[in-house]
1. Tell me, yes or no, whether the range 67-74 has at least one residue that is modelled with pLDDT of 85 or more, within 15 Å of Thr208 (Cα to Cα) and not β-branched (Val, Ile, Thr).
2. Looking at the range 142-159, I want the residues that are under 18 Å from Ser172 (Cβ atoms) and have a partner that is assigned to a strand (DSSP E or B) and of a type in the set (Lys, Arg) with Cβ atoms under 6 Å, at least 6 apart or on another chain. Which pairs are those?
3. Go through (1) more than 19 Å from Ile118 (Cα to Cα); (2) assigned to a loop (DSSP other than H, G, I, E, B) and name the single condition Glu146 misses.
4. Being at pLDDT 75 or above and assigned to a helix (DSSP H, G or I) is the requirement here; does Lys121 meet it?
Amino acid sequence: MEIGNVNGEFGGMQAAPQSGKKKIILVIAVLVGGLLVGTLCGYFAGVNAKINAQLLAERQAQDEQINTKKEELSNLENEIKDKSGVISAAKEYETNKATLDEKIAEKTSTVENLDSQISAKQSELDILTGNVVKAKSEPKVLPAGEYTVGVDIPAGRYSVSGSRNFFAWDKSGSLKVNTILGNSSIGVGDYVCSLGDGYRIECAAKTTFTPIQ
C-alpha cells in the first residue's frame, strides 16, 4: 500500500509538466495566430486604402472631365445664343431692306411719272404761250425703233410729235421721258424735251423731232 502511494505521487508529479507544456504551446499558438491575423488585417487594410485612394483619384479625374464638358457645353450654348441673335438681326435686316427697296421703287416710279406729267404739261404750256421757238435746223423724222442721241440724232431741245409711245433714257439708264404722242384720247399732243448725248430713245411709230430754242 505504501509503495503504491509513492508511485501514485510520482505519477502526479510527472503529469504536471506535460500539462504546462501544452498550455505554453497553446499560448504561443494563440499569439502567433493573433500576429498573423493582425498582419493580414493590416495588409488588407493597406490594400483596401490603396484601392480606395485609386478609386477616389479616378473619381476626381472623372468629375473634372465632367465639369470640363459641362463648361464646354455651356460655352457652346452661349455661342449658339449669340449666333441666333446675329442670324435673327440679319433676317430682320433683309426683311426691312426688301421693304425699303419696294418703297424706294414705288417712290421712284411715282417721281418718274410725275416728271413725265410735268414735262408734258410744260410742253403744253410752252405751246400755248408761244414759248417754243423753232430753231433753224430742219426737223428730223425717225421711223419706229430705238436710237442713240448724238449718233442717230443730234443732242438738243426738241418738240417731239407723233402718234404713239415715246421713251427716253439718260446715260445711267434712268427713264427721263415716258409719254404718248398725238391727239388721241390718251395722247398728250406734241412733247417738248431736252435730249443729251448718249440718251437712248425709243419710238413706237414714226416720230418727228423739231429742233427748238
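The values are calculated or read from the model by the stated rules, or taken from the named source; none is laboratory data. The model shown is predicted, which means the values in this text are computed figures rather than measured ones. Heads up, the Cβs are rebuilt from the backbone with ideal geometry, glycines too, and the neighbour counts pull from every protein chain shown.
1. no
2. Pairs that qualify, where the first residue is under 18 Å from Ser172 (Cβ atoms) and the partner is assigned to a strand (DSSP E or B) and of a type in the set (Lys, Arg), are Thr148/Arg200.
3. Of (1) more than 19 Å from Ile118 (Cα to Cα); (2) assigned to a loop (DSSP other than H, G, I, E, B), only one is false for Glu146: (2).
4. Numbers: at pLDDT 75 or above: no; assigned to a helix (DSSP H, G or I): yes.
When the stated conditions are applied, Lys121 does not pass them.
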